[in-house]
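Trainee: Have a look at this one.
The values are calculated or read from the model by the stated rules, or taken from the named source; none is laboratory data. Note that this is a predicted model, so its numbers are computed, not measured. Neighbour counts run over all protein chains shown; Cβ positions are idealised from the backbone, glycine included. When the accessible area is computed, the model is the full protein with side chains, heavy atoms only, and any ligands, DNA or RNA have been set aside. Shrake-Rupley method; radii C 1.70, N 1.55, O 1.52, S 1.80 Å.
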Amino acid sequence: MASYRSELIQTLTSRGFLHQCTNLEALDAKAAAGPITGYIGFDATADSLHVGSLVQIMMLRWMQQTGHKPIALMGGGTTKIGDPSGRDESRALLDDATIASNIASIQKVFDRFLTFGDGGARMVNNADWLDGLQYIPFLREIGKHFTINRMLTMDSVKLRLEREQPLTFLEFNYMILQGYDFVELYKRHGVTLQLGGSDQWGNIVQGVDLGRRIVEAELFGFTCPLITTSSGAKMGKTAAGAIWLKAERLAPYDYYQFWRNTEDGDVARFLKLFTVLPLDDIARLEKLEGAEINEAKKVLALEATTLLHGADAAQDAAETARKTFEQGGIGGDLPTIDIPAAELKAGIATWKLFHRAGLAASGGEARRLVQGGGARLNDQKCEDENAVVTDAAVVDGVIKLSAGKKRHAIVKVG
């Protein structure tokens, strides 16, 4: 791996955050020369962010941990438009009160990862400068630096048009406002770096160019890869819904279980991205194979949950999981069935497994349970009653089955 002068760039690259950078060598030199200020934008479309935003939050955390100044830019202004990136349809428009309430709620999530205050991280709202813009003067001063030709090549626009999905003129303006944010943050707070996901690369580059044209500033863009699982699924998207970072939306135990159920091939990568464990420790965990990989998954789940919810909540979640999976249920009161190892290796239809576990009185009832969305396997929603369950689903020697929220059973491998 390349050697970098600054701790910031060394850390971000060694832990897998680097995807693209406008000028990595110059940014590395600037970061080595002294503290820089960088930002990532987050729209306030809900009262919580979800795991899909966690890689960006971790980049801000590492900025602060390596001596630099992170800014979480809340899109109080741009949320009124909606970022078209990666979407086939327009977002619902929110009123000012809802946006303000969402920002206040999201602040509590950032408090878990960043230290705010004098000389520390800052949360800034782009409504402070966007809400007061006058349309004609803004178009004359800023709009002249954006060509329709180039805007049409941006993925956020091109993909929508290729799929013949409508793109409103309101959304078309989003990239101009995002570029303008970069310039305003440079003038107000000395920001020289914008970070984000790779889907934001075009918008970030527009901001870098705008800063050079308007204020003759040397600005930098840095993107991380869009995180997908080994099976190709989008990070944070499950059959049961989004993995929210707010405890009121997703309990710490369910958050712990999300990480505990990480695919084997993702464990080492996720330890680097979503925990603060030293790389040497991660390298040792990465060598675990077979059933031992479950120990690495437990470390990942505990460390990730501790970052978000605190050590006490993480330990409680780990203990609940241990009792459920290793002791057959809290107090040993969950019904348990034994399945021969050879039979489970060959595979059993999901509906048959729920029927045999006593969670459905008949095969038809078991099928309807899955079809109705009430069946869960290892806390993950079952989508297909005919899907085959094999020994790949075994966690610490057992499989947990759930029918609704209150009925559970344990399958042990005989």
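Trainee: Please work out the FRET efficiency for the pair Lys345 and Lys144, using the Cβ-Cβ distance as r and a Förster radius of 60 Å; give the result to the nearest 0.05. Please list the in-between numbers first.
Mentor: Numbers: r = 67 Å, r/R0 = 1.11.
Given R0 = 60 Å and the Cβ-Cβ separation, E is 0.35.
Trainee: How would Leu93, Leu279 rank on accessible area, largest to smallest, probe 1.4 Å? Write out the running numbers ahead of the final one.
Mentor: Values: Leu93 115, Leu279 65 Å².
Heavy-atom accessible area, descending, gives Leu93, Leu279.
Trainee: If the reach is capped at under 22 angstrom between alpha carbons, list the lysines near Lys187, excluding any in the same chain fewer than eight residues apart.
Mentor: Lys30, Lys69, Lys144
Trainee: Hey, another quick one. Can you tell me which of 138-148, 392-402 comes out highest on packing, and rank the rest after it, using the mean Cβ neighbours within 10 Å? Walk me through the numbers before you get to the answer.
Mentor: On the way: 138-148: 13.0, 392-402: 19.5.
Output ranking for 138-148, 392-402: 392-402, 138-148.
Trainee: What FRET efficiency comes out for the pair Asp264/Ile337, r = Cβ-Cβ distance, R0 = 25 Å, nearest 0.05? Could you put the intermediate results ahead of the total?
Mentor: Working: r = 26 Å, r/R0 = 1.02.
Between Asp264 and Ile337 the formula returns 0.45.
Trainee: Give the accessible surface of segment 92-225 per residue, rounded to a whole number of Å², with probe radius 1.4 Å and ligands, DNA and RNA excluded. Mind dumping the intermediate values first?
Mentor: Values: 6720 Å² over 134 residues.
Counting only protein heavy atoms, the per-residue value for segment 92-225 is 50 Å².
Trainee: Please work out how much length the chain gains when fully extended from Ala29 to Phe116, using 0.36 nm per residue of separation minus the C-alpha to C-alpha distance, in nm with one decimal. Before the final figure, lay out each step's value.
Mentor: Working: separation 87, 0.36 × 87 = 31.32 nm, distance 2.62 nm.
Residue separation times 0.36 nm, minus the Cα-Cα distance, leaves 28.7 nm.
Trainee: Let me ask something additional. Before rounding to the nearest 500, sum -39500 (n - 2.57) across all DSSP H runs of length at least 4 in the chain and divide by the residue total; then give [θ] at 222 nm in deg cm²/dmol.
Mentor: Details: 19 runs with 185 residues, N = 414.
Estimated from H runs of four or more residues: -13000 deg cm²/dmol.
Trainee: Also: Obtain the nm distance between the two label points defined at His189 and Gln64 by a simple spin-label model: each point lies 7 Å from its Cα along the Cα-to-C-beta direction.
Mentor: That separation, rounded to one decimal, is 1.2 nm.
Trainee: Report the net charge of residues surrounding Ala268, where surrounding means a beta-carbon distance below 15 angstrom and charges are Lys +1, Arg +1, Asp -1, Glu -1. It would help to have the intermediate numbers written out before the result.
Mentor: Values: positive: Arg15, Arg269, Lys272, Arg284, Lys287, Lys297, Lys298; negative: Glu263, Asp264, Asp266, Asp280, Asp281, Glu286, Glu289, Glu292, Glu295, Glu303.
Once positives and negatives cancel, what remains is -3.
Trainee: Could you work out the local net charge near Ile293, counting Lys and Arg as +1, Asp and Glu as -1, over the other residues with Cβ closer than 12 Å to its Cβ? If you can, show how the numbers build up before the last one.
Mentor: Numbers: positive: Arg260, Lys287, Lys297, Lys298; negative: Glu263, Asp264, Asp266, Glu286, Glu289, Glu292, Glu295, Asp396.
Combined, the nearby Lys, Arg, Asp and Glu give -4.
Trainee: Another one. May I ask you to order 2-10, 176-184, 197-205 by the average number of other C-beta atoms within 10 Å around their residues, highest value first? Spell out each step's value before the answer.
Mentor: On the way: 2-10: 17.0, 176-184: 23.2, 197-205: 20.9.
Highest mean packing first, the order is 176-184, 197-205, 2-10.
Trainee: Within the set of other residues whose C-beta is less than 15 Å from the C-beta of Thr153, count the net charge using Lys and Arg as +1 and Asp and Glu as -1. Spell out each step's value before the answer.
Mentor: Working: positive: Arg150, Lys158, Arg160; negative: Asp155, Glu162, Asp199, Asp209.
With Lys, Arg at +1 and Asp, Glu at -1, the net is -1.
Trainee: Let me ask something additional. Identify all lysines with a Cα-Cα distance to Lys412 below 30 Å; exclude those on the same chain that are fewer than 8 residues away in sequence.
Mentor: Partners found: Lys237, Lys287, Lys297, Lys298, Lys323, Lys345, Lys352, Lys381, Lys400.
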